[in-house]
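One structure below.
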Amino acid sequence: MFDKFHEECGVVAIYGHPEAAKLAYLGLYALQHRGQESAGICTSDGNLIHMHKAMGHVADIFTSDVLAQLPGELAIGHTRYSTAGDTVLLNAQPFSVACNKGKVAVAHNGNITNAVQLRRDLERNGAIFQASSDTEVILHLVAHSSERTLAAALRDALLQLEGAFSLVFLAQDRIIVARDPHGFRPLAVGEMEVSGGRKCHVFASESCAFDLIGATYLNDVEPGEMIIAGPDGITRERFAPRQELAQCVFEHVYFSRPDSIVFGRSVAESREELGRLLAREHPVDADVVVPVPDSGVAAALGYSDEAGIPFRQALIRNHYVGRTFIEPSQAIRDFGVKLKLNPIRHLLQGKRVILVDDSIVRGTTSRKIVRMVRQAGAREVHLRISCPPTISPCFYGVDTPNRSELIASNHKVEEIRRFVEADSLGYLSLSSLRQAVADHKHEYCYSCYTGDYPTELVSIESLINARQKGH
């Protein structure tokens, strides 16, 4: 799946390693799939805070020369794809500020749903904003807090926020991380040995970042929890009571890398189970199961395994497509998809194909892929989607289109089938999605599939918008 959802963001934090900037760089490299727009790293040498951020990919931004200018044993990093704020360097994170609490930097994954109101209030009190990102609001709340210590000011700020946030803060001598009380976005905790038997504490959006740097995954930052890694060691405290859990199920459907543990569960295990349940719900007599790479691969393996139909990677993805590639005019039809995917004709010629993807958003990309598979000689194309129809936008850190652009919000499954030109179309049911992620205690957010939002502000806003748009 691509060109459908804007991905969200990835964060990483390192405390107590002589090469903190390099570890942060490697962590961001592993989290590159969470955002390809901009990246930044902030370090502290105990006195000064050093920062470098730029538009582009992690590997292009952080050369050896750049990393050499980021000294210190503490670091935070961020890789971004816009969910709030425009696509400009001003909105690249981390953000930093010097205030009465000292020098502080912050990076954020999620979406603050009351950011506009908070910003208005802060501006009335004299705050000057540089960017349009909701993350900057958090720094201003800390700076304006009447609390004297950074931890207390941060606690004060966090209690004013609504929506989704997994945050990493950098101060001169400590790292502070926090997660919203609903636990929308993931934030993993790990550690690694440093020479001399010291422990280095690490935090990241996904555990795959730990694997690359040789750290051990321990557990997650709990919803409503703040963890401080500082000169006195590690302290964990609740800044707010844990509310009804609303972990983003789309992390397991699409966002996260399959080799990650997210919300304490293997993503690969979830995705293969999605495919198995999909095969049970929507069987079809066919010759081959083909994933839409990369996000459809694990579900297609599960489908193939359950259905006893051979799995073939008959669509090859080009991983090196730049965001600024110059498209020719209408001379080459469906150019964007052809640039990213190419079929292996002999695997598709004359075959009845089951095409497995993770979601359909607008439907235009799916139609182009179905056409491509037919043009490569497939006799039949049966589209299978490893989640329910996406009917509502997300307000918690996923930049989904508005409701009018979501094809499943306005069309029945048969109408979508006709639009994407597939011989048949099957979506996974909501109950099977719950089963696949082992959600026995109702701890996940499914609002993009149900339209029921777990926070009050969004529910009210959504209702007003729906009435205004005639939904």
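Which of (1) at pLDDT 90 or above; (2) farther than 17 Å from Glu251 by Cβ is the odd one out, the single condition Ser404 does not satisfy?
(1)
How about segment 238-260: which of its residues are open to solvent by 60 Å² or more (accessible area, probe 1.4 Å) and of a type in the set (A, V, I, L, M)?
Within segment 238-260, none qualify.
So how many residues does segment 85-123 have that are of a type in the set (Asp, Glu) and more than 22 Å from the chain's Cα centre (by Cα)?
Selection size over segment 85-123: 2.
Taking interchain pairs and intrachain pairs at least six residues apart, which have beta carbon atoms under 6 angstrom, with the first residue in segment 121-150 and modelled with pLDDT under 90 and the second exposed (fewer than 12 other Cβ atoms within 10 Å of the Cβ)?
Here the result reads Ser132/Asp86, each pair linking segment 121-150 to a residue that is exposed (fewer than 12 other Cβ atoms within 10 Å of the Cβ).
Hey, could you check segment 206-229 for residues that are out of contact with any Phe, Trp or Tyr (no Cβ under 7 Å at 6 or more places or on another chain) and among the small types (Gly, Ala, Ser) and say which is surrounded by the fewest Cβ atoms within 10 Å (Cβ to Cβ)?
Per the stated criteria, the residue is Gly214.
Being among the basic types (Lys, Arg) and surrounded by 24 or more Cβ atoms within 10 Å (Cβ to Cβ) is the filter here; which residues of segment 261-296 pass it?
Arg271
What number goes with the only condition from (1) open to solvent by 10 Å² or more (accessible area, probe 1.4 Å); (2) touching a residue at least 24 places away in the same chain (Cβ under 8 Å); (3) among the hydrophobic types (A, V, I, L, M, F, W, C) that Val66 does not pass?
(2)
Out of the residues in segment 180-194 that are of a type outside the set (Asp, Glu), over 19 Å from Lys441 (Cα atoms) and out of contact with any Asp or Glu (no Cβ under 7 Å at 6 or more places or on another chain), state the one that is surrounded by the fewest Cβ atoms within 10 Å (Cβ to Cβ).
Checking each candidate, the answer is Val194.
Just checking, does segment 178-187 include any residue being touching a residue at least 12 places away in the same chain (Cβ under 8 Å), out of contact with any Ser or Thr (no Cβ under 6 Å at 6 or more places or on another chain) and farther than 22 Å from Asn219 by Cα?
no
For segment 333-350, how many residues are out of contact with any strand residue (DSSP E or B) (no Cβ under 9 Å at 6 or more places or on another chain), on the phi < 0 side of the Ramachandran plot and either at pLDDT 85 or above or among the basic types (Lys, Arg) (or both)?
Residues that pass the stated criteria total 5.
Quick one: count up the residues across segment 129-179 that are surrounded by fewer than 23 Cβ atoms within 10 Å (Cβ to Cβ), of a type in the set (Gly, Ala, Ser) and not in a loop (DSSP other than H, G, I, E, B).
5
Would it be correct to say that Val116 is open to solvent by 60 Å² or more (accessible area, probe 1.4 Å), among the β-branched types (Val, Ile, Thr) and modelled with pLDDT of 85 or more?
Against the criterion (open to solvent by 60 Å² or more (accessible area, probe 1.4 Å), among the β-branched types (Val, Ile, Thr) and modelled with pLDDT of 85 or more), Val116 qualifies.
Here are Val361, Val458: which of them is modelled with pLDDT under 95 and over 23 Å from Gly275 (Cα atoms)?
From the options Val361, Val458, the qualifying one is Val458.
When segment 381-406 is examined, which residues are found to be in a strand (DSSP E or B) and buried (at least 19 other Cβ atoms within 10 Å of the Cβ)?
Selection gives Val381, His382, Leu383, Arg384, Ile385.
Within segment 418-451, can you find the residues that are more than 20 Å from Val284 (Cα to Cα), touching a Cys at 6+ places or on another chain (Cβ under 9 Å) and either at pLDDT below 95 or not hydrophobic (A, V, I, L, M, F, W, C) (or both)?
Listed by number, the residues that qualify are Tyr444, Ser447, Cys448, Tyr449.
For segment 297-332, which residues satisfy the criterion of being at pLDDT 95 or above and open to solvent by less than 40 Å² (accessible area, probe 1.4 Å)?
Val297, Ala298, Ala299, Ala300, Gly302, Tyr303, Ser304, Ile309, Ala314, Leu315
If the Cβ limit is 7 Å and pairs must be 6+ apart or interchain, which residue in segment 343-358 that is closer than 16 Å to Arg371 by Cβ and of a type in the set (A, V, I, L, M, F, W, C) pairs with which residue that is modelled with pLDDT under 95 and open to solvent by less than 10 Å² (accessible area, probe 1.4 Å)?
none
Tell me, which residue of segment 190-215 that is over 17 Å from Ala21 (Cβ atoms), assigned to a strand (DSSP E or B) and touching a residue at least 12 places away in the same chain (Cβ under 8 Å) is farthest from the chain's Cα centre (by Cα)?
Among them, the one singled out is Arg198.
Determine which member of the set Leu425, Leu430 is among the aliphatic types (A, V, I, L, M), in contact with a helix residue (DSSP H, G or I) (Cβ under 8 Å, 6 or more places away or on another chain) and open to solvent by 40 Å² or more (accessible area, probe 1.4 Å).
Leu430
The values are calculated or read from the model by the stated rules, or taken from the named source; none is laboratory data. If you're wondering where the values come from, they're calculated on a predicted model, not measured in any experiment. In this analysis, Cβ positions are derived from the backbone assuming ideal geometry, glycine residues included, and neighbour counts consider all displayed protein chains. Ligands, DNA and RNA are excluded from the accessible area calculation, which covers all protein heavy atoms including side chains. Shrake-Rupley method; radii C 1.70, N 1.55, O 1.52, S 1.80 Å.
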